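Structure, as structure tokens:
Please treat every number below as a calculation from the coordinates, not as lab data. Please read all numbers here as calculations on a predicted model, not as lab measurements. Positions of Cβ are generated from backbone atoms using ideal geometry, with glycine treated the same way; all protein chains shown enter the neighbour counts.
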Amino acid sequence: MSYTERQQKRAEIRAMFKSNVRRRLLVDKVVVGTVVVCALAAIIPLIWILGTAVYSGLPALNWEFLTGEPGAVGAGQISIGPAIQGTVIIIALTSVIGLPIGIMGGIYLAEYGGSSYFARQIRFFLDVFMQVPSIVLGIFAFLAIVLTLGYYTVWAGAIALSFIMFPIVARSTEEALRMVPWTYREAGAALGLSKMVITLRIVLSQAKKGILTGVLLSVSRVGGETAPLIMTILGSNIFFSGFESSTDALPLRIWRLSLQPYDEARIAGWGAALTLVIIIFAIHVGVRYFFLRDKSGKGLRGTLKV
Amino acid sequence: MSTVMTDRNANTAIAEQPHPKYKMRTENINVYYGKTHAVQDLTLAFPERSVTALIGPSGCGKTTYLRCLNRMHDMTQDARVEGRVLLDNANLYDKRIDPIYHRRKVGMVFQKPNPFPTMSIYDNVVAGVKLNGVRDRKILDEIVEDCLKMAYLWDEVRDILKRPALELSGGQQQRLCIARALAIQPEVLLMDEPASALDPIATQKIEETIEELKKDYCIIIVTHNMQQAVRCSDYTGFMYLGRLVEHGKTKQVFEKPCDKLTAKYVQGQFG
């Protein structure tokens, strides 16, 4: 190709660019516009739901409502004290069972299992587990624990919910660990560190934020589950009275209140729903603040967004 | 050269006196990535208190070979290594020895600076020491100062030791990585193009560091930069297509190369 030919060719290609630019700018605008609209569309229901919960639930909130025991309907004040207490207990117990299994399972999958047959099977079962309807897990816990023991217990609820929790935590932990660049593992190995030390002291600290996100996601999910609890902790009108009796929880209470035809029950139901949202939100903010705060003192290193 | 040891004695290294001159030797190293034969039958020895540069065009297997010297290929499943690497006559590839044991003696600096992002400058330097079990604050403080001085970084960071390592510039980060490698008190230092991402000033600082470290260490450096090889190495190995084409004193390799290919490469006719 001669010099002039090449020049001509370049000019032609440049000419093609130019005629393209306007169309591209237009496409760009359309795409950005669509994305923004979709983002708004995703946010609107969230704001709507939260707004309704606050609007309808706020009038119900007072000290007596939050701390008292629910009386008979029509006997005056309905309170959700036992439900709040029960939800806190059940989230704690579920986390005690579900988080170690989930996080350690995720570490195994990301750092040790690789693409081995065993690891692939585990991944598959975790993915399936995430799709199992929660009522099935509740029935399982009912048959395996409640019927065997002969009484409703908060442990049965926690075990059923931990089946929801650990697949979420394990898979998100695995993903978070995979995001950590390989070069840091090599740097650790070059310092003569064992694989366990590299994983726990170098890789895990970099994946902290991703792991926390998975943990909080699973806590929210578990905190809002109703179906497995119906068959395992049943619900109760009194405060927690031991591991061998039924317990109340907010989702259960909301469900029960919503079934009643009285105005005051409906309002109390909204109040309970708002309380649940506040508890979940508080856990999110608290956990993030505790784990992601900047060690040097002020401010947060991670963002507070959920 | 002394006779090759039997594997039975590999772990003890007492059975035979180490070769007086060579710190590290490799015998018939072959590396395969699947069907690709990346390093072919490479036998080479590295004298104590010297710098050996490995040069050659991209893809010739320099880095692959270097990573054999501290069993870094164990970290990934895709490479298969054959042959022996002897450190003071102990075979690194002895199946019964955990690579951790050797990696503590063989420090490595990577091509891209990779300080641990969640750690401070101080913690980065002592990461290897601390996580290997040393907790004495006084000793750690000493190590930090010593190693940062050796890596020519002390004056720049002495007042900000508690700041995150990622706040440093690229060149500073690389010198921090050198300090981190020195902190575990290795006997051999492997450097994989340590200056490839750095500006001339930082490069010069690192070359000064190498010059200084040579007094105590056996240094093996992979470089694309031939001037750098001339400036800071005592011996040079030229690799091409996975083979060692020529190896000798740097002066000889660059001024009177025995091989035509080497001559062409060092004169910049290809590469």
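Between the amide H of A:Ala249 and those of A:Ser236, distances stay under 5 Å, these residues lying 5 or more places away or on another chain, with hydrogens modeled in the peptide plane.
Classify region A:35-142 from the C-alpha gyration tensor, please: rounded if a/c falls under 1.5, else prolate or oblate depending on whether a/b exceeds b/c. Oblate.
The mean number of partner chain beta-carbon atoms within 10 angstrom of a residue's beta-carbon across peptide A:191-202 is 6. Return the calculated 222 nm mean residue ellipticity for chain A, to the nearest 500 deg cm²/dmol, obtained by summing -39500 (n - 2.57) across DSSP H runs with n ≥ 4 and dividing by the residue count. Calculated from helices alone, the mean residue ellipticity at 222 nm is -23000 deg cm²/dmol.
Sorting the segments A:95-107, B:92-104 by their mean number of nearby beta carbons within 10 angstrom, highest to lowest, gives A:95-107, B:92-104.
With θ taken as phi - 60° and the Karplus curve 6.51 cos²θ - 1.76 cosθ + 1.60 applied, the whole-hertz 3J(HN,Hα) list for region A:279-286 is 4, 4, 4, 5, 4, 4, 5, x Hz, x standing for glycine and proline.
Across region B:160-168, computed HN-Hα scalar couplings (Karplus, 6.51 cos²θ - 1.76 cosθ + 1.60, θ = phi - 60°) run 10, 4, 8, 6, x, 5, 6, 6, 7 Hz from first to last residue, x flagging Gly and Pro.
Here each label is just a point 7 Å from Cα along the line to Cβ, and for A:Trp182 and B:Lys264 those points are 3.2 nm apart. Cα-Cα pairs above 38 Å in chain A: how many percent? Everything past 38 Å amounts to 34 percent. Around the Cα centre of region B:78-147, unit charges on the Cβ atoms of Lys, Arg, Asp and Glu (plus for the first two, minus for the last two) sum to a dipole of about 260 debye.
Think of each Lys and Arg Cβ as +1 and each Asp and Glu Cβ as -1; about the Cα centre, that makes the dipole of the protein assembly as shown roughly 1540 debye. Phi angles of region A:268-275 translate, via the Karplus equation with coefficients 6.51, -1.76, 1.60 and θ = phi - 60°, into HN-Hα couplings of 4, x, 4, x, 5, 4, 4, 4 Hz per residue; Gly and Pro are given as x. Inter-chain neighbour count for A:27-35: the average number of beta-carbon atoms from partner chains within 10 Å of each residue's beta-carbon is 0.
For the options A:Val154, A:Val215, A:Val27, a Gaussian network treatment of chain A with springs between C-alpha atoms closer than 10 Å singles out A:Val27 as fluctuating the most. When the P(r) is computed for region A:3-60, the part past 17 Å accounts for 66% of the Cα-Cα pairs. Between A:Ser220, A:Ser172, A:Ser115, the GNM of chain A built on Cα springs shorter than 10 angstrom shows A:Ser115 fluctuating the most. Shielding of peptide B:127-135 by partners, expressed as the average count of other chain Cβ atoms within 10 Å per residue Cβ, is 4.
For chymotrypsin sites (Phe, Trp or Tyr not before Pro), the sites in region A:68-170 that DSSP calls loop and that have at most 16 other Cβ atoms within 10 Å are A:Tyr151. Backbone amide hydrogens, once placed in the peptide plane, bring B:Gly83 within less than 5 Å of B:Asn30, excluding anything fewer than 5 places away on its chain.
Is there a pair in A:Lys208/B:Lys149; A:Lys195/B:Lys21; B:Lys95/B:Lys249; B:Lys21/B:Lys249 whose C-alpha atoms are over 24 Å apart, and which pairs would that be? Long pairs (Cα-Cα over 24 Å): A:Lys208/B:Lys149; A:Lys195/B:Lys21; B:Lys95/B:Lys249. Counting only residues at least eight positions apart within a chain, or on another chain, the aspartates and glutamates with an alpha carbon under 15 Å from that of B:Lys162 are A:Asp294, B:Asp123, B:Asp141, B:Glu145. Paramagnetic label reach from A:Ser116 (point 7 Å along Cα→Cβ; backbone nitrogen cut-off under 18 Å): within region B:94-136, residues B:99.
Sparse packing (at most 12 other Cβ atoms within 10 Å of the Cβ) combined with a DSSP loop state is found for the following chymotrypsin sites (Phe, Trp or Tyr not before Pro) in region B:210-271: B:Phe270.
Based on the Kirkwood radius over alpha-carbon pairs, what is the Stokes-Einstein translational diffusion coefficient of chain B at 37 °C with 0.692 mPa s viscosity, in µm²/s? In µm²/s, the coefficient is 171. For chain A, set up a Gaussian network in which alpha carbons nearer than 10 Å are linked by springs, and say which option among A:Asn20, A:Asn62, A:Asn237 fluctuates the most. Looking only at A:Asn20, A:Asn62, A:Asn237, the biggest GNM fluctuation is shown by A:Asn20. Bridgeable lysines around B:Lys256 (alpha carbons under 16 Å apart, same-chain partners fewer than 8 residues away excluded): B:Lys264. Pair-distance distribution of the protein assembly as shown: all C-alpha pairs, bin width 10 Å, starting at 0; shares per bin in whole percent are 3, 13, 18, 17, 15, 14, 10, 6, 3, 0, 0.
Spin-label pair A:Val128-A:Ser56: with each label point 7 Å from Cα along the Cα-Cβ axis, the two points sit 3.9 nm from one another.
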